[in-house]
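The values are calculated or read from the model by the stated rules, or taken from the named source; none is laboratory data. Predicted model only: the values in this text are computed from it and were never measured. Every residue, glycine among them, receives a Cβ derived from its backbone with ideal geometry; neighbour counts consider all protein chains shown. These accessible areas exclude ligands, DNA and RNA; they are computed on the full protein's heavy atoms, side chains included. Shrake-Rupley method; radii C 1.70, N 1.55, O 1.52, S 1.80 Å.
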Amino acid sequence: MKALDYARAHGDRFLSELNEFLSIPSISTHERHRPAVLEAAEWLRDRLLAAGFPRAEVMPTPGHPIVYAEWLPAGPVSPTVLVYGHYDVQPPDPLDLWRTPPFEPTRVGDDLFCRGASDDKGQLYVHLKAVEAFRETAGAPPVNVKCIFEGEEESGSPNLDPFIQQHRELLAADVGLISDTDILDRDTPAIVYGLRGIAYLEVEVTGPAGDLHSGSYGGAVHNPINALCAMIASLQDADGRITIPGFYDSVRQLEDEERAELAKVPFDRQDWLQEAGVKTDWGEPEYTITERTTARPTLDVNGIWGGYMEPGTKTVLPSNAYAKISTRLVPDQDPAEISRLIQRHMKAIAPPTVSVEVRELHLGDGAIVRRDSPAMQAACRAYAAGFGAEPVFKRTGGSIPVVATLQKELGIEAILMGFGLPDDNLHAPNEKLHLPNFHRGIETAIHFFQFLAG
Ligand code: BES
Ligand code: ZN
């Protein structure tokens, strides 16, 4: 196919464009990066126009903008694909653990190191280049393509659902296409069919009205950090079961059939231990590691602070203590309901010596997508052609809340056609993209559009 030849011939240029995109520090979670987030959105719009999309615009939201593009050359009887991706990235901290500067894309062998290389700039860019390859060799892609690229995914997508609700007609499509997940290994592609939901909260515990001398008051004033630690420690038992009343009430139990299915996904415990950098695993003993990390709910403290945190010592009995706590949720658990349960429980277990405030930071639904659609078959054939191997179906423990929104608001299923690798260091120092996956990804996307067109 000519589009494939074109992609192969222009791979180096595609990569230098990706380097430009990666150099923009579009960190969505912090106000001070707002200009960079906008710069990334505008850069993406310009590249969409250059790839042939006749319409591409930066559309405002109350937060970071959404980049929308469409090219509908195939007519109303042909399928329309809605490509979703996110151009924002996680903060690069801790900076001193990066071997190369986080926003200077650096190639080492077959890997490209940079924040956002895999999550998600490198993966979303694949689709622009697939469309460009069709434009240059066939005049247009064989299906209709719409793109929605958001700039707030890494901070909980606060404005995405309202945007989708307000633009149902504009976004109408037959299938969603998302490349924001990982495959099993270099040569074993995977399609994710299950994602976990999330409820993210912040807890503030207040003890004395102001900081106190720990010599003068220690022993008779309850330290809010100690109190918070005790509260957090009680949220799980020794086996990792969450003790919040009602937490498991709506958890959909894993059927034997699905457990058998999950057990088929190749898994090597030693490799996994090494990848995670841990001595041994932890958690609910009656579930496998794969089940625990993809199909069971979790509770994790993502940060905890208060008191004196600078070098040296300070004998203080602090006034406040804080923690960020998130739970990963599985099908049938409602994030809003779980958030209420956590808020109620934290107040209930607070000792009378302190006061507690819990703030909800963000919620996101999990999802299970259909695996029997013609588009899913096209995706399987596309991977087989692009990677030379049939994809494995798997669930992932991460969250991409838009998948549920596409089901609810647009009535469409998404194909999670990922090109990342499990050791890409997402959200961690030294994030990387395995470059052969970038190029194979473009070829896989080209095949997908072609197979979908029939
Ligand atoms: N690309 C990830 C989702 C993901 C993580 C897929 C791990 C496969 C494996 C996505 O960008 C992400 O990190 N999402 C956040 C969503 C949250 C902020 C609502 C997540 O899962 O933490
Ligand atoms: Zn992502």
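Can you bin segment 13-166 into rounded, prolate or oblate? Criterion: square roots of the alpha carbon gyration tensor eigenvalues sorted a ≥ b ≥ c, rounded for a/c under 1.5, prolate for a/b above b/c, oblate for the rest. Verdict is oblate for segment 13-166. With one equal scatterer per alpha carbon and no solvent term, the Debye-computed log10 I(q)/I(0) for segment 206-297 at 0.13, 0.22 1/Å reads -0.67, -1.15. Remark: segment 91-108, residue by residue, has Karplus-estimated 3J(HN,Hα) of x, x, 4, x, 4, 6, 8, 7, 7, 9, x, x, 10, 10, x, 10, 8, 10 Hz, where x stands for each Gly or Pro and the curve is 6.51 cos²θ - 1.76 cosθ + 1.60 at θ = phi - 60°. Shown in residue order for segment 282-294 are the 3J(HN,Hα) couplings computed by the Karplus curve 6.51 cos²θ - 1.76 cosθ + 1.60 at θ = phi - 60°: 8, x, 3, x, 7, 10, 6, 4, 4, 5, 4, 8, 10 Hz (x for Gly and Pro). Within the shell defined by Cβ-Cβ distances under 14 Å, the residues around T206 carry a net charge of -2, with Lys and Arg each +1 and Asp and Glu each -1. Centroid-to-centroid, using Cα positions, segment 237-274 and segment 392-454 are 23 Å apart. In this structure, A209 and K2 have a Cβ-Cβ separation that, at R0 = 56 Å, corresponds to a calculated FRET efficiency of about 0.15. Over the chain, accessible surface divided per residue gives 43 Å², non-protein components excluded, 1.4 Å probe. Once the Cα-Cα distance is subtracted from the 0.36 nm per residue extended length, the A336 to T61 segment shows a gain of 96.7 nm. Here the calculated FRET efficiency for E42 and A348, from their Cβ-Cβ distance with R0 = 35 Å, stands at 0.10, rounded to the nearest 0.05. Each residue, V77 and L95, gets one label point 7 Å from its Cα in the Cβ direction; the gap between the two is 5.9 nm.
If you add up the charges near W98, with Lys and Arg at +1 and Asp and Glu at -1, over every other residue whose beta carbon is less than 13 angstrom from its beta carbon, what do you get?
Values: positive: R99, R115, K432; negative: D93, D96, E104, E431.
Net of charged neighbours comes to -1.
The order of the peptides 321-332, 207-218 by mean Cβ neighbours within 10 Å, most packed first, is 321-332, 207-218. Carbon-plus-sulfur accessible fraction, the chain (probe radius 1.4 Å, protein heavy atoms only): 50%.
Each residue, D256 and E169, gets one label point 7 Å from its Cα in the Cβ direction; the gap between the two is 5.3 nm.
Quick check on the chain: what does the Kirkwood estimate of hydrodynamic radius come out to from the alpha carbon pairs, in Å?
23.4 Å
Across segment 261-278, computed HN-Hα scalar couplings (Karplus, 6.51 cos²θ - 1.76 cosθ + 1.60, θ = phi - 60°) run 4, 5, 5, 6, 5, x, 8, 10, 4, 4, 4, 5, 4, 5, 4, 7, x, 10 Hz from first to last residue, x flagging Gly and Pro.
Relative protection proxy for 189-195, 347-353, 366-372, from highest mean packing down: 189-195, 366-372, 347-353 (other beta-carbon atoms within 10 angstrom).
If a spin label sat at a point 7 angstrom from the Cα of Y287 along the line to its beta carbon, the backbone N atoms of segment 214-245 nearer than 12 Å would be those of 240-242.
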